[in-house]
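Asker: Take a look at the following structure, please.
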Amino acid sequence: MIKDRLGKYGAVYFSGDIKESVEDILGNETKKEILDDFFKALIKYDEFSEQLKNTKLTPNLTVLLYGPPGTGKTSLTRGFAKKYSIPICIVESDRLVSPLLGDTIKNIRGVVELAAEISKERGAFILFFDEIDAVGSERSNIHEVGEIKRAVISFLQVIDRVNYEGVPLAIFGATNHQHQLDSAIWRRFTFHFKFDFPDYNLRKQIIEGFVYKIENAKIGVDNSIFTNLNKEYKEIQDIVKELERKLGRKISEFDDNILWDEVKRKGKIEGLLKLTIGYSGSDIERGTKVALLKAINSELLTYDIFYNSLKMVGGTAIHVERQDILSDARTPTKAQKVFEENKKKLLGPPEI
């Protein structure tokens, strides 16, 4: 059983275990097109592996996904795994990093070599490293312990070996802290995909999608939610068009503060789209679930319930900004923190 063999490193999912579909992850259309080609090629890889070896042209089946948490990195990968019926193992970083000398390297080699062995036996397989910065931090960081530096080298070596041997094993890495990744780790990944917070156009689709799900569950939904959302959306679009006409160029919600500064100046827009600036899709989902509990009790989802629920959960961007402010050259990386936490668990509190 694959789950028994890889279970100690993380969760293994087969197609029937996965709830998400590619269509559930709104936006990211360009990424979806490229990833669709990637997964189609992964399925056919076995057919051409020998020919590719003979030409000394074996592709690197490696993908790096980076950006804020909750923006769809893991969910989209699982969705494609489901679509193409490819088993996937989501490797958890805290199961790899160990305070015992040599164990981190052993774990990294173990999970990659085992996944490669499984892919040789049964074909296409996906190994997904969540929070890859825990084992791929910049080696020049003064805070990094020698064990982690050796772990980075070991990780690079096993990736190179898998690519050289032409194994149908796709290695994905996901991180919220791409600036902490070792430059050599970046180079080992063929595809780099940045995931951003959804803009107001996409947030509108996400909000509508969740409200429709509540309607489909036969729970009452006040039409004022759609009315207010559409009104706010039109007002924002009018401001965008006016600004683009004045500036003579396209503007993005996240390139600068021009749009929301203008919205604030006009002072007439206060709604779901403005509230959810810097919210990820997961943040909106959490807010919807809070609203759902209240709607079940009242048997009606009102605009106020929905607005207040989204406001209560808050957006990920605020937490990311705080982390960026606190993160500088004096701050230990995620790898260092995991290492120290595991060491404390193993050794217990210091003697007094």
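The values are calculated or read from the model by the stated rules, or taken from the named source; none is laboratory data. Keep in mind that what you see is a predicted model, and the values were worked out from it rather than measured. All Cβ positions, glycine included, derive from the backbone under ideal geometry; neighbour counts span all protein chains shown.
Asker: Condition test on Val221, is it touching a residue at least 12 places away in the same chain (Cβ under 8 Å), under 18 Å from Ile284 (Cα atoms) and not assigned by TED's automatic domain parsing to the domain that holds Leu65?
Answerer: When the stated conditions are applied, Val221 passes them.
Asker: Also, quick follow-up: Can you name the residue in region 179-224 that is farther than 30 Å from Ser309 by Cβ and surrounded by fewer than 17 Cβ atoms within 10 Å (Cβ to Cβ) and is also nearest to the chain's Cα centre (by Cα) among such residues?
Answerer: Filtering region 179-224 for residues that are farther than 30 Å from Ser309 by Cβ and surrounded by fewer than 17 Cβ atoms within 10 Å (Cβ to Cβ), the one nearest to the chain's Cα centre (by Cα) comes out as His192.
Asker: Any chance you could count how many residues in region 260-273 are buried (at least 16 other Cβ atoms within 10 Å of the Cβ) and out of contact with any Asp or Glu (no Cβ under 6 Å at 6 or more places or on another chain)?
Answerer: Counting residues in region 260-273 that are buried (at least 16 other Cβ atoms within 10 Å of the Cβ) and out of contact with any Asp or Glu (no Cβ under 6 Å at 6 or more places or on another chain) gives 4.
Asker: Got at least one residue in region 79-89 being at pLDDT 95 or above and under 19 Å from His192 (Cβ atoms)? Lay out the reasoning, then the answer.
Answerer: From region 79-89, those at pLDDT 95 or above are 79-89; that's our starting set.
Okay, now just the ones that are also under 19 Å from His192 (Cβ atoms), so 80.
Yes - at least one qualifying residue is present in region 79-89.
Asker: Out of region 127-136, which residues are outside any helix (DSSP H, G or I) and among the acidic types (Asp, Glu)?
Answerer: Within region 127-136, Asp130, Glu131 qualify.
Asker: Can you work out which of the residues in region 292-314 that are without any contact (Cβ under 8 Å) to a residue 40 or more places away in the chain and among the small types (Gly, Ala, Ser) is surrounded by the fewest Cβ atoms within 10 Å (Cβ to Cβ)?
Answerer: Within region 292-314, the match that is surrounded by the fewest Cβ atoms within 10 Å (Cβ to Cβ) is Ser298.
Asker: Continuing with the same structure: List the helices (runs of 4 or more DSSP H) inside region 182-281, counting only whole elements, that have at least 3 residues being within 20 Å of Ala295 (Cα to Cα) and out of contact with any strand residue (DSSP E or B) (no Cβ under 9 Å at 6 or more places or on another chain).
Answerer: 200-216, 224-247
Asker: If you scan region 71-126, which residues turn out to be assigned to a loop (DSSP other than H, G, I, E, B) and in contact with an Asp or Glu (Cβ under 7 Å, 6 or more places away or on another chain)? Give the derivation first.
Answerer: Residues of region 71-126 that are assigned to a loop (DSSP other than H, G, I, E, B), as a first pass: 71-72, 84-87, 92, 96-102, 123-124.
Thr71, Glu92, Leu101, Gly123, listed by residue number.
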